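The values are calculated or read from the model by the stated rules, or taken from the named source; none is laboratory data. These numbers were taken from a predicted model, which means no experiment stands behind them. Cβ atoms come from the backbone with ideal geometry, glycine included; neighbour counts cover every protein chain shown.
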Amino acid sequence: MEGRFSKKNNAATPSHWEYDTEFDAKELGCGDLVMALFKFFKPLDSGIRVRVKALDGGDVMAWCRSTGNTLHEGHPPFFLIEKK
């Protein structure tokens with residue numbers, strides 16, 4: 001998809017990741033993180049890839065399973081998610 005980018009200067013994110021936008025959840029956890037993810041992803045088009053930075057990886061993975069969004073990779077605190 002054109003328009004995707006990767007931040008090769010960010011050592012914490014795998015260099016092969018391509019994504020359309022980023023979401024930094026800061027230190028949100030549990031219900032606050034789930035609501036923030038829901039609000040961020042809701043207006044996005046299907047197929048958009050997002051690099052998510054979140055400290056609570058378990059909640060990110062559970063959110064993906066419950067919403068049907070695809071978790072392509074996770075290297076905490078970074079996760080590559082594609083909207084369904």
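A few remarks follow.
- Count of residues meeting criterion [within 12 Å of the chain's Cα centre (by Cα) and not acidic (Asp, Glu)] in segment 56-74: 10
- Matching residues in segment 25-58 - criterion: being β-branched (Val, Ile, Thr) and out of contact with any Ser or Thr (no Cβ under 9 Å at 6 or more places or on another chain): VAL52
- Restricting attention to segment 24-37 and to residues that are surrounded by fewer than 17 Cβ atoms within 10 Å (Cβ to Cβ) and within 10 Å of ALA54 (Cα to Cα), the residue that is modelled with the lowest pLDDT turns out to be GLY29.
- Test: residue in segment 38-50 that is modelled with pLDDT of 95 or more, touching a Phe, Trp or Tyr at 6+ places or on another chain (Cβ under 7 Å) and in a strand (DSSP E or B): yes
- Output for segment 10-37, where each listed residue is more than 17 Å from HIS72 (Cα to Cα) and part of a loop (DSSP other than H, G, I, E, B): ASN10, ALA11, ALA25, LYS26, GLU27, LEU28, GLY29
- Residue count for segment 54-70, restricted to those that are buried (at least 17 other Cβ atoms within 10 Å of the Cβ) and not in a loop (DSSP other than H, G, I, E, B): 4.
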